[in-house]
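S.K.: The structure is given below, and queries will be raised subsequently.
Just so it is clear, none of the values below were taken in a lab; they were calculated from the coordinates. Being a predicted model, the structure only gives us computed values, none of them experimental. Here the Cβ is made from the backbone with ideal geometry for all residues, glycine too, and neighbour counts use every protein chain on show.
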């Protein structure tokens with residue numbers, strides 16, 4: 001069953017239904033592209049400041065999303081993403097970093113973790129893979145942004161390790177989810193990318209996977225020299241390698257490129273487009 005379910009709300013939102021239903025204290029999900037203040041080519045619910053959109057429109061969209069989730073713009077916290085594996089631990093003192101401008105965001109940061117109720121963690125996407133983390137025992141929530149660079153750098157594993165080091169989370173207790181992103185149907189890559197993938201593939205090949213596990217990649221039908229890469233499956237295997245139970249991993253079937261009416265897609269729109277937002281937050285009592 002698809003875990004990211006579109007709900008009847010403006011702006012367009014897809015909620016991580018298995019978590020939201022089972023854990024009343026958590027909100028987690030992903031935005032669509034419609035229902036906001038932005039104008040073409042960022043029409044209309046772009047929440048990222050780095051793409052050239054009007055700043056006031058972006059802030060208006062951020063406020064709209066936060067308030068629709070029961071949070072405030074002051075709680076909106078984000079990083080300046082660089083396709084790396086740096087992780088920031090968000091405390092009460094640094095909540096709100098990046099909510100109004102890029103300069104105040106956590107710099108060079110693609111992962112965010114917190115155990116503070118009332119903090120809304122956010123990150124931005126237009127084909128890359130959003131990763132979600134939640135430890136219901138220690139009450140820790142996190143997000144990670146994983147393009148191919150962050151994936152092969154194993155940001156998913158770094159998030160699990162950091163949760164253990166900072167909060168005492170055990171991998172077997174952590175719930176994870178892989179959100180809407182470009183699928184293997186559309187993600188064609190060259191040998192430069194595949195050389196990085198193959199180096200990690202050798203380590204992942206030792207995992208005890210189900211017989212029907214999706215393949216990591218296949219040859220492109222359009223170009224024999226290129227491959228169609230399954231970043232969602234690669235991140236799933238990295239999570240398993242880090243000790244996450246396969247039954248604790250929710251994985252979407254949404255492809256952002258196939259569904260560009262619903263999502264922004266960097267590839268489909270030749271790099272000039274807005275960004276969706278992933279979010280997770282622990283609600284205040």
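S.K.: With r defined as the distance between the Cβ atoms of residue 208 and residue 91 and R0 fixed at 51 Å, what FRET efficiency is calculated, to the nearest 0.05?
M.R.: Working from the Cβ atoms, E equals 0.85.
S.K.: Per the Debye formula with a single identical scatterer at each Cα and no solvent contribution, what log10 I(q)/I(0) holds for region 1-147 at q = 0.08, 0.10, 0.17 Å⁻¹?
M.R.: -0.20, -0.31, -0.98
S.K.: Taking 37 °C and 0.692 mPa s as the conditions, I'd like the Stokes-Einstein D for region 167-246 in µm²/s, using the Kirkwood hydrodynamic radius from alpha carbon pairs.
M.R.: D, rounded to a whole number, is 237 µm²/s.
S.K.: With a point put 7 Å past each Cα toward its Cβ, work out how far residue 60 is from residue 149 in nm, to one decimal.
M.R.: Rounded to a tenth, the inter-label distance reads 3.3 nm.
S.K.: With springs only between Cα atoms under 10 Å apart, run a GNM on the chain and tell me which of 93, 67, 165 wobbles the most.
M.R.: Of 93, 67, 165, the Gaussian network model singles out 93 as fluctuating most.
S.K.: Largest first and to the nearest Å, give the Cα extent of the chain along each principal axis.
M.R.: In descending order, the Cα extents are 47, 44, 35 Å.
S.K.: For residue 225 and residue 201, what does the FRET efficiency come to when R0 = 25 Å and r is the distance between their Cβ atoms, rounded to the nearest 0.05?
M.R.: 0.85
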